[in-house]
Each structure stands twice: as C-alpha cells, then as structure tokens.
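Enquirer: What follows is a single structure, and I will ask about it in a moment.
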Amino acid sequence: MNKILLKSMGWLFLAQACVGVNIVLSKGLVNHLNPVIIMTIRFSFASIFMLLLLIRNDDARRFKFDFCRNDWFVLFAKAIGAGVAFNFIMLSGLHYTDANSAGLITSLLPAVVICLNILLFRQKMTSKMMLSIMISICGLILINYGALGSQNSKAVLGNFLIFISLIPDGLYYTLSKYYPLKMNNMLKVFMLNAINVPILFIIILFLPASLWSMVSLHDWTMLIIIGINSGLFFIFWQKGIKNIDAAYAALSTAFMPLATVILAWIILGEGLTLNKFIGMMLVMMSIVIYARK
C-alpha cells in the first residue's frame, strides 16, 4: 500500500468515524426530538462552522461559480442525498432500533455503492475486487448474525428504514467520484451543508412550534457537536476521495459501522460480541487485500 493510498484511506476512515459519532449521539436525541428539528440545528451549525473557515480561505473567497445545469444538478443531488434524504430516513429508523443495530445495518453500504457504480456507471468488477467484497460481505453478515434474529416489529421497521437510507447516501459517494465538481473544497463542503438548511426551515413551518421547547441545553450541546462533525466529515471525505478510485471509497465506508459499534459499546454500553469482533476483522482484511498492488 503506497503512501498516497494510505493517507487517502486515513482521511476516509476519519470521515466514517465522524458519521459513527453522529449516529451514537443522535440515538440519545431521536427518542424525544423530532428528526427535522435535529437536522435543522445540525446543518445550521455545520454551515456556520464551515462559513467561519471560509472567511479565512482566500481561494474560496475568489472562487467564481461557472457551473452548467448538470453541475448544479449534481451539487444539489449530492447535498440532498447525503443530507436531508439520508439523515431523515436514518433518524426515523434510529428511533425504533438501537445505535449498535444502526451501525450493523450500515455495513451494507459498500455493497450498495458498488451496485450503484455498476448500475449507473457500468464499472467493471475485477477478480481482486470480487474477492475483497466477498470477504467484506462475509464479515458484515457475521457482524449482523444474531443482531437481527430476535427483533420486535418496530425494531425490524427501524432496521429496514436504515437500510433504505443507504441508497441516497450511496449516491453521494458515487457522484463524488464520477462527477467531481471543480470548486474549492471548503466552499464545496459549505454548499453541501447549506443547501439543506432552507429546505429544512420550510419543512419546519408545517410543524408545531412547541417542538422547539423540547430541546434542552444538553441537546443543544450534542447537536453543536454533531453539526461540527458533519462539516468535518465532508472535509475528510473530500481530502480522501481525490487520489483513489470508487472501489477503494466503497470499501472504506465499511469503517463507519465498525466505528459505530465500538462507540456504541464505549458510550452507550451496547455489547460487542465475539461474532461482531471477528466480523470487523474480516472487513478490515478485505480492505487490505484489495489495496495490495
């Protein structure tokens, strides 16, 4: 594994760790807060955080938008896919299931990204890619074994919603590689967050105003952390995606459920069984196998 690849994968792992942190923290909020309230505060703080960074970035301030219609479509598709669509469905599912299960279900994200690459962009499947993905899937099945065997009907619904959320999220990853937008990374991250804010405020107009009174000081603190993490995710992802192909990016997303499982174990006390540990090792092995030149 060369240094450029190793560095890129490191950035991608950090990006997935940010998502894992957000899933675990969101679980503590979604049981008593409306998902739209959570997303509105989160993306607002993420946009403010990125705007403060933009003020000190000369390249971003000098950037002139010279986008065609397709560029704007891709930008909005990426923003909404990884923003409102993914987060609303994910938070709705997280209301019915636990953070550990949410992390386990997102184990299927690499397979979803690969399927999108093949269906939308006709990416060819190599033997090495097939081997690494098969090992990854085996590890992910092992992680999920037993976690879904004794769920009640609401938890099953939650798990299903989390799986569905992977489709718009996977679309973001695929578009990031096949349609890279020629713009300053800081500005791009700001736009990806800020585009969601007016959409969410429009939705909030149709919700009861009393929902805001349910947000405690502790909730605000958690949401600020989640918002900053959201901005950091996009920064880390943009840095990592530049020098690797879509298959590497797809496999790197397997680190998100691993990070979620570990954080749920540390923060929420959710168990980490032997099956889950062995499954995580298989997933990491699949990444190393594919990365070998």
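What follows is calculated from the coordinates using simple rules that are stated; it is not laboratory data. As the structure is a computational prediction, the values presented were derived from the model and not from experiment. No Cβ is skipped: glycine too gets one built from the backbone with ideal geometry, and neighbour counts run over all protein chains shown.
Enquirer: Of the listed values [x] 14.2; [y] 15.9; [z] 17.3, grab the one calculated as mean projected area of the Cα convex hull in nm² from the structure here.
Expert: Checked against the structure: label [y].
Enquirer: With each label point set 7 Å from Cα along the Cα-Cβ vector, what nm distance links residue 141 and residue 225?
Expert: It is 3.7 nm.
Enquirer: Pairs 3/188; 7/188; 3/64; 128/242; 64/124; 154/177: which are spaced more than 30 Å apart, C-alpha to C-alpha?
Expert: As for pairs spanning more than 30 Å Cα to Cα, those are 3/64; 64/124; 154/177.
Enquirer: Report the charge-dipole magnitude of region 159-276 in Debye, nearest 20, computed about the Cα centre from +1 at each Lys and Arg Cβ and -1 at each Asp and Glu Cβ.
Expert: The dipole of region 159-276 has a size of about 420 debye.
Enquirer: Working out 0.36 nm times the residue gap between residue 121 and residue 63, then minus their Cα-Cα distance, what length gain in nm do you get to one decimal?
Expert: That works out to 17.9 nm of additional length.
Enquirer: GNM on the chain, C-alpha springs below 10 Å: top fluctuator among 129, 90, 256?
Expert: 129
Enquirer: Additional query: In nm, give the distance between the simple-model label positions of residue 32 and residue 289, each being 7 Å from the Cα along the Cα-to-Cβ direction.
Expert: 4.6 nm
Enquirer: What FRET efficiency comes out for the pair residue 207/residue 53, r = Cβ-Cβ distance, R0 = 30 Å, nearest 0.05?
Expert: My answer for the efficiency is 0.45.
Enquirer: Hey, rough spin-label estimate for residue 245 and residue 130, points 7 angstrom out along Cα→Cβ, what's it come to in nanometres?
Expert: Inter-label distance under the simple model: 1.5 nm.
Enquirer: Treat every Asp and Glu Cβ in the chain as -1 and every Lys and Arg Cβ as +1, leave all other atoms uncharged, and give the resulting dipole magnitude about the Cα centre to the nearest 20 debye.
Expert: 960 debye
Enquirer: Sketch the reach of a paramagnetic label on residue 267 as a point 7 Å from Cα along Cα-to-Cβ, and name the residues of region 1-30 whose backbone nitrogen lies under 18 Å away.
Expert: Flagged as within label range: 13-30.
Enquirer: Could you work out the helix-only [θ] at 222 nm for the chain, with each DSSP H run of four or more residues adding -39,500 (n - 2.57) and the total divided by the number of residues, to the nearest 500 deg cm²/dmol?
Expert: Using -39500 (n - 2.57) per qualifying helix, the result is -24000 deg cm²/dmol.
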